1. Grab the beta carbon distance between Lys2 and Leu358, set R0 = 35 Å, and tell me the FRET efficiency rounded to 0.05.
2. For region 271-317, report the translational diffusion coefficient in µm²/s to the nearest whole number, using Stokes-Einstein at 20 °C, 1.002 mPa s, and a Kirkwood Rh over Cα pairs.
3. Between their Cα atoms, which of Lys137/Lys231; Lys31/Lys235; Lys31/Lys165; Lys153/Lys281; Lys62/Lys164 are more than 31 Å away from each other?
4. Applying 1/(1 + (r/R0)^6) with R0 = 45 Å to the Cβ-Cβ distance of Asp312 and Gln130, what FRET efficiency is obtained, to the nearest 0.05?
5. Taking 0.36 nm per residue of sequence separation and subtracting the Cα-Cα distance, how much length would be gained by fully extending the chain between Thr267 and Leu169, in nm to one decimal?
6. If one computes P(r) from the Cα atoms of region 99-162, what percent of pairs lie at distances over 18 Å?
7. I'd like the distance separating the alpha-carbon centroids of region 223-248 and region 139-175, in whole Å.
8. Place the peptides 356-362, 85-91 in order of packing, highest mean first, counting for every residue the other Cβ atoms within 10 Å and averaging per peptide.
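None of the figures in this text is laboratory data; all of them are computed from the coordinates on show. What you see is a predicted model, and the numbers here were worked out from it, not measured in a lab. Counting neighbours? That spans all protein chains shown, and the Cβs are built from the backbone with ideal geometry, glycine included.
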Amino acid sequence: MKIVVIGAGIVGASTAYYLARSGMEVVIVDKLHEGQATSAGAGIVCPWITRVEDEDWFTLAKGGACYYPSLIEQLGQDGESNLGYGLVGALAVSSDEEELNTIEQKVRERQAEIPNVGVVSRLSPEEARQLFPPLRKDLAAVHVTGAARVDGKLLRDAMINGAKKHGALLISGIANLDEVEGKVTGVQVNGDFISADSVVITAGAWASEILEPYGFRIPVEPQKGQIAHLKLPGKDTSNWPVVLPQSSHYLVCFDDSRVVVGATRETGSGFDYRVTAAGVKEVMEEALFVAPGLSDSTLHEVRIGFRPAGPDILPLLGTVPTLEGVVIATGLGASGLTMGPYVGTLAAKLALQEELNLDITPYYPFRNALKV
């Protein structure tokens, strides 16, 4: 069976990797757009600490977190170990004791059902700063050991490399669907026809334009995120936990004395590639409010990414009713690096017409679509 995957972000890379490991003939087509969310994002794998109440969202987020250990093992078997992945734990921080009580209660409820949550403990401000020294002195924390961080670009590249080792082909270009009597037959790329039994569209914020010629507009649009990378020369930040304030912002550390802070959520931004003064101001003010000890860090770079934002918090996952052989997987928004690899496996199984272990009806791609 031959399958074309359009888009090599985190979802597309996972789809291709799963299919290639399953023995399928896989062709990955990617335009290599600047602003891919995967390359810009700081991967936080910790749905255990979330204010999102939607159970359908949590089903995928939980599945994503629980899938990571087996994915890391598979990539290791294929010789891919440079992932920026670390099981470093997370701190939900606040100066409000009641707020932390609520967080701790919710996390412990999840811990009773899901072993991956790890150990949950309450930390004083002094104990929290032992784990993350730049923290503000009045911030206590709920500490969860079962949280991880990952470098989205490194993970994506590792899955693409793994797919190639199992025979996948990566082509740079723009793919246009070919169909005959309502069934996809392949894609046109750079003037060449590539036949396919199935096509999986994982093009993120650019996904909508692919189906427009066939009368559908996928309800996904770019949501700009600006994210700052700070350097702390001489500091070993490799084991510092993820820090989750009670806002949409975060702090994530990597092995190279780097602290990533972000990110803006600029709905309606379009594909605006500029680093803006207001965006940097928002990100840095939020970060320094939580961790004033970062004030003397070096501003290394600011990255831009365009999250594929759907009509609500749920991803868009499923098939196209009037175009046989097409699967859509996009719209993960700010949850891309949490659930993206898992969603990629679901998209691959849909392309293979394998049975899924969950009901994907809530994620129907055209639940709020516009007919062109």
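1. Working: r = 27 Å, r/R0 = 0.77.
With a Förster radius of 35 Å, E is 0.85.
2. Values: Rh = 13.3 Å.
Calculated translational D: 162 µm²/s.
3. Lys31/Lys235
4. Given R0 = 45 Å and the Cβ-Cβ separation, E is 0.70.
5. Going from the current span to full extension adds 31.8 nm.
6. Values: 1076 of 2016 pairs.
Counting pairs separated by more than 18 Å, the tail of P(r) holds 53 percent.
7. 18 Å
8. Put in order of decreasing packing, that is 85-91, 356-362.
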